[in-house]
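Comments concern the structure below.
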Amino acid sequence: MPLYTAEALILRTYKLGEADRIVVFLTRDRGKKRGVARAARRSRVRFGAGLEPLTRADVAYFEREGRDLVWLNYAELVQSPFRACGEAALAYVGYFAELLDESAPEGDPSERLFRLGASMVDALAVGVPVRPLARYFEYWLLRLQGVYPSHLRCSCCGARFDEAAGAWLLPGDREFRCPPCAVAGGERGVPVSREALAFLAGASRVPPERLEELPCPERAGRELQAAHRALITVHLERELRSVRVLTDMGEY
Ligand SMILES: [Zn+2]
């Protein structure tokens, strides 16, 4: 059985039998893996706090020929997202982890996806505000999946949005349109103001730890939340479990 060591992000765990856990984790080099952590529910010696969702960890695992499930040997905490988190931030941690899990097919490594996830953990750990960070994460995640529409120009007439009074997102068509083109098409979609478009333009340039430099007025944040939720629902063809938790907390 070959032993692999890797930088990883823990996505989720669930119970297996009396004492074990199944751990879903995203490695930097070999994509998403699903492994058995033996006795993880009885003893915290080998896994400690390394199995909490969205933890950055150094892991070692054995792969078994012809089997999808690996054996997790250890998971050593590198960075926890929980350092300065309130209750809302905890719910967002679950949301980020679920989005990463849904976006990472098994056996298809993407170092960019790993780096995006890892940068979210680091940003949370240094106290970057979680709501703008969530909009930033959704934006980049959908971009890496190739499903984020161009937010610079109208998909119909080509007019640049920064000269216009906002735009409309048509999630089913994955297009942003200027107001006249949206009206002409008979579909209004989700409104996105000029300030929200400015946030997106900034998010395409700024690393997450510098997100506080980007203005994100509350209204713009809410517009992007609605726009991204619509895009994610169309892309995944369902709503995420963690969105229901956020909704119950009044975050959505
Ligand atoms: Zn147009």
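Computed values, structure above
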item: Ser150 vs. criteria within 11 Å of the ligand (Cβ to nearest atom), open to solvent by 10 Å² or more (accessible area, probe 1.4 Å), outside any strand (DSSP E or B) and in contact (Cβ under 8 Å) with a residue 12 or more places away in the chain; result: no
item: Test: residue in segment 63-70 that is touching a Lys or Arg at 6+ places or on another chain (Cβ under 7 Å) and modelled with pLDDT under 85; result: no
item: Failed item in (1) surrounded by 17 or more Cβ atoms within 10 Å (Cβ to Cβ); (2) within 16 Å of the ligand (Cβ to nearest atom); (3) among the β-branched types (Val, Ile, Thr), with Val245 passing the rest; result: (2)
item: Candidates Glu163, Glu218, filtered to the one that is more than 19 Å from the chain's Cα centre (by Cα), without any contact (Cβ under 8 Å) to a residue 12 or more places away in the chain, open to solvent by 50 Å² or more (accessible area, probe 1.4 Å) and within 22 Å of Phe96 (Cα to Cα); result: Glu218
item: Hits in segment 185-208 (condition: within 10 Å of the ligand (Cβ to nearest atom) and either out of contact with any strand residue (DSSP E or B) (no Cβ under 9 Å at 6 or more places or on another chain) or assigned to a strand (DSSP E or B) (or both)); result: none
item: Test: residue in segment 55-62 that is part of a strand (DSSP E or B), free of Cβ contacts under 8 Å to residues at least 24 places away in the same chain and open to solvent by 40 Å² or more (accessible area, probe 1.4 Å); result: no
item: Members of segment 1-31 that are assigned to a loop (DSSP other than H, G, I, E, B) and closer than 18 Å to Arg56 by Cα; result: Arg28, Asp29, Arg30
item: Odd one out for Phe96, checked against (1) within 22 Å of Glu138 (Cβ to Cβ); (2) touching a strand residue (DSSP E or B) at 6+ places or on another chain (Cβ under 9 Å); (3) open to solvent by less than 10 Å² (accessible area, probe 1.4 Å); result: (2)
item: Top-ranked residue of segment 168-184 - restricted to ones that are open to solvent by 40 Å² or more (accessible area, probe 1.4 Å) and among the aliphatic types (A, V, I, L, M), ranked as farthest from the ligand (Cβ to nearest atom); result: Val183
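The values are calculated or read from the model by the stated rules, or taken from the named source; none is laboratory data. All values derive from a computational prediction rather than experimental measurement. All Cβ positions, glycine included, derive from the backbone under ideal geometry; neighbour counts span all protein chains shown. The protein model used for the area step is the full one, side chains on, heavy atoms only, and it has no ligands, DNA or RNA in it. Shrake-Rupley method; radii C 1.70, N 1.55, O 1.52, S 1.80 Å.
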